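Beneath this line is the structure, given in structure tokens, with notes to follow.
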Ligand SMILES: CCC(=O)SCCNC(=O)CCNC(=O)[C@H](O)C(C)(C)COP(=O)(O)OP(=O)(O)OC[C@H]1O[C@@H](n2cnc3c(N)ncnc32)[C@H](O)[C@@H]1OP(=O)(O)O
């Protein structure tokens, strides 16, 4: 009986993304049609097979990398591609031309500024960003320049946030008469606690690298400026400490952390046992045993 429960918990956490995906497909069809009308920019994905690192680029520099409707749809496609990348270990999310992302494209927003479409757009983006956060890859938001509004929310859908020395994260929603709707508030509370989240949202406070580190929103400050072109290399260097070893082991690590973060303790323990079963006696485990390592 316990084995059946354990298997169903694992199936649940591993299939969560697909479930979310199919729910989105049914309920978000009408908003897809509206979003695809608002074109401009692109979301690009480059998978580096050798390092196991993918780079996801939010690319709309003429609008400070704001998300047009078509870019929202493209983001979902890119996340789908990453979900099936079995050789992958990590993904870096960044913006083109030295800016992170200025949120949703205000031109598209104006055209769907009614509660029904707003809620559908939020549902669509919440699903995509939840799937991004649940990828079995270690995800990093590289914040060069500004991450505003939905851009700030996007940073919270990654496991880690790195910032260049001139980076800023700002939940400007209150200034727009809004609250976050892409899941950014729920995730922010879990990252920095409810006191800090309340301060950041109600004050629309600018988070610079020092303040970000102080409240735990920023994991590392990279000593380079945005637009210099080497921030990506710095981010890859920072990531390298966490992705040594084979992809199945890195992905297993991420899966046990996701289950610990999202499931009840009992369910997380069951999932952990099952994920353990996928690596125990596996090639990396047998190789390590043969080497008789000393962890000095
Ligand atoms: C989910 C909820 C949301 O995301 S609501 C959207 C929240 N975001 C915003 O309100 C951002 C508004 N924009 C700004 O505050 C400024 O443009 C920022 C990003 C600070 C950049 O300032 P600055 O360096 O002076 O450049 P700029 O204003 O001249 O902008 C360059 C061009 O980019 C455009 N732009 C910028 N952000 C957006 C956006 N979110 N949607 C659409 N367009 C945007 C500006 O309009 C400007 O375009 P143009 O050169 O005037 O044609």
query = How about the range 141-179: which of its residues are touching a helix residue (DSSP H, G or I) at 6+ places or on another chain (Cβ under 6 Å) and within 7 Å of the ligand (Cβ to nearest atom)?
reply = 148, 149, 153
ask   = Taking residue 291 and the conditions (1) surrounded by 12 or more Cβ atoms within 10 Å (Cβ to Cβ); (2) modelled with pLDDT under 95, which numbered condition does it fall short on, given that it satisfies the others?
value = (1)
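Yes or no, residue by residue, for (1) surrounded by fewer than 18 Cβ atoms within 10 Å (Cβ to Cβ); (2) within 15 Å of the ligand (Cβ to nearest atom); (3) more than 19 Å from the chain's Cα centre (by Cα); (4) more than 20 Å from residue 244 (Cα to Cα):
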{"position": "41", "(1), (2), (3), (4)": "no, yes, yes, yes"}
{"position": "68", "(1), (2), (3), (4)": "no, yes, no, yes"}
{"position": "115", "(1), (2), (3), (4)": "yes, yes, yes, yes"}
{"position": "124", "(1), (2), (3), (4)": "no, yes, no, yes"}
key: Within the range 229-259, tally of residues that are assigned to a loop (DSSP other than H, G, I, E, B) and touching a strand residue (DSSP E or B) at 6+ places or on another chain (Cβ under 8 Å)   = 2
query = Checking residue 122 against (1) under 21 Å from residue 173 (Cα atoms); (2) in contact with a strand residue (DSSP E or B) (Cβ under 7 Å, 6 or more places away or on another chain), which single condition isn't satisfied?
reply = (2)
message = Restricting to the range 77-110, count the residues that are surrounded by fewer than 24 Cβ atoms within 10 Å (Cβ to Cβ), farther than 24 Å from residue 222 by Cβ and either more than 12 Å from the ligand (Cβ to nearest atom) or under 16 Å from the mean Cα position of the chain (by Cα) (or both).
response = 8
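The values are calculated or read from the model by the stated rules, or taken from the named source; none is laboratory data. Being a predicted model, the structure only gives us computed values, none of them experimental. Glycine also receives a Cβ, built like all others from the backbone with ideal geometry; neighbour counts cover every protein chain displayed.
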